[in-house]
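Data block below; observations after.
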Amino acid sequence: MTKDKIRAALASLLGFKPVKTVKLKLLVVSVHVLLWGLFLIVPLFIYRIRIPDASFYYREIINKSFLIGLFYLNFYYLLPRLFRDRKIVPYVLNLLAALAILCIQQLSLEIYVLKTLAKRFPQFERMSSRPVMAKATRLPGFQFGTGTNVNGAVQVNMPGTDEEVPPPFVHEPYPRMLYMIALKDALSSGIVILLLSGTIKLAHSLFISEKQKKILENERLNAELNFLKLQINPHFLFNTLNSIYSQAHFRSEQTEHSILKFSRIMRYVLYDSATEKICLSQDLEYISNYIDLQQLRLSKNITVQYNVTGGVAGLSIAPLLLITFIENAFKHGISYTAPSEIKIAIAVTGKELSLTVGNAINRLNREATGGVGLINAHRRLDVLYPNRHHLDVMETDHLYIVNLKIELDHES
């Protein structure tokens, strides 16, 4: 399982993303039931004492069930209303009401359990008349540990006498300390549950916000890329039509071939490049047609070297990306008064594509070197291949070299 699938599964389990399939819904419900089951059962096994009465365990299960209900109440109702309405006072009042109900429930259940245990265990009735942690008073001549156990009840004897002295408890209806402990436990448990649900909900909101942000960013980038294509295509069409016009003007025999090449190029530009990614072999065929079309109009003192090495099958690339650097070389590296040379090398190793374009700098076009086309190419690389490309441009007085490396994708 990939990292993306693991993240998606965790997001579904925590409710961060909608669950679409029935199988995944059953998995989410099963995981929730398992976790809450552990929440209910595990504490019962870690108590230091064992109380052989079912009412004690019923109390624990009921109390934990109310806490689970408080979790989902805060997660699915109170917090969404807070995020939607942006009103903190109603949210706080609802929380206080929920905590009050929780405290009343747990305190009432504590009273019921104490009464039940007092009726079923006489010795517990004596102990429950005063907190178990109450301090015993050492009487003069009294020695602890001299009592006997009769039917489970402790009887304490004074030294030197046969008189039985009851345990030193002061009788009260029920110990206040036990009630305070129950109230404290209810409040602390409720606050912990609220903090837990609030933390998960906050993470959920951040997850949704980040997801929406990515969607908006992708929409913006797609609009930007479409705009960049519109900028690239007219620029290319202008240069190509100029080439065909020049051949037609001089009545060249190559005009027919140029029109055929141009039709193939137009098919690629208008139809094939409409997708985000295209087969690398198609893009390289387009580049080859473009170079052939350019060579038809060039004089003999202009040399073009074009080489492709490596396996290109099964790889995809953003359309009209590489052509920008090649078109720039033809636009700014050709001189009709002096010999010119353009070198284009494409090497594919695994998933990495390397493009090297070198051309002499025509002094008449020196200030125009680069231009809008290369700026658009930079932006497209940043958008389509973030952290997956390296572009190095070296410019001297007479030479302009572009080295580009891209980590490509496999065809889907």
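The values are calculated or read from the model by the stated rules, or taken from the named source; none is laboratory data. No experiment lies behind these values; they were computed from the predicted model shown. Here the Cβ is made from the backbone with ideal geometry for all residues, glycine too, and neighbour counts use every protein chain on show.
Listing for the model above:
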{"item": "Scan of region 321-356 for residues that are part of a loop (DSSP other than H, G, I, E, B) and among the polar types (S, T, N, Q), ordered by number", "result": "SER335, THR337"}
{"item": "Test: residue in region 271-294 that is in contact with a Leu (Cβ under 6 Å, 6 or more places away or on another chain), over 21 Å from LEU374 (Cα atoms) and not in a strand (DSSP E or B)", "result": "no"}
{"item": "Considering residues of region 193-226 that are within 12 Å of ASN74 (Cα to Cα) and of a type in the set (A, V, I, L, M, F, W, C) only, the residue surrounded by the most Cβ atoms within 10 Å (Cβ to Cβ)", "result": "ILE193"}
{"item": "Single condition ILE326 does not satisfy, out of (1) within 30 Å of SER412 (Cβ to Cβ); (2) free of Cβ contacts under 8 Å to residues at least 12 places away in the same chain", "result": "(2)"}
{"item": "Some residue of region 378-389 being modelled with pLDDT of 90 or more and exposed (fewer than 14 other Cβ atoms within 10 Å of the Cβ)", "result": "yes"}
{"item": "Complete set of residues in region 270-294 that are over 18 Å from ASN328 (Cβ atoms), within 36 Å of the chain's Cα centre (by Cα) and either charged (D, E, K, R) or not assigned by TED's automatic domain parsing to the domain that holds GLU327 (or both)", "result": "ASP272, GLU276, LYS277"}
{"item": "Lone qualifier among ARG7, ARG48 - being at pLDDT below 75, part of a loop (DSSP other than H, G, I, E, B) and not acidic (Asp, Glu)", "result": "ARG48"}
{"item": "Odd one out for GLU256, checked against (1) surrounded by 14 or more Cβ atoms within 10 Å (Cβ to Cβ); (2) more than 25 Å from PRO386 (Cα to Cα)", "result": "(1)"}
{"item": "Identity of the residue in region 90-131, of a type in the set (S, T, N, Q) and assigned to a helix (DSSP H, G or I), that ends up modelled with the lowest pLDDT", "result": "SER128"}
{"item": "Extreme residue, surrounded by the fewest Cβ atoms within 10 Å (Cβ to Cβ), among residues of region 156-192 that are of a type in the set (S, T, N, Q) and at pLDDT 80 or above", "result": "SER188"}
{"item": "Selection within region 236-273 - among the small types (Gly, Ala, Ser) and in contact (Cβ under 8 Å) with a residue 40 or more places away in the chain", "result": "SER243, SER246, SER252, SER273"}
{"item": "When residues of region 318-339 are limited to those that are over 44 Å from the mean Cα position of the chain (by Cα) and aromatic (Phe, Trp, Tyr), the one modelled with the highest pLDDT", "result": "PHE330"}
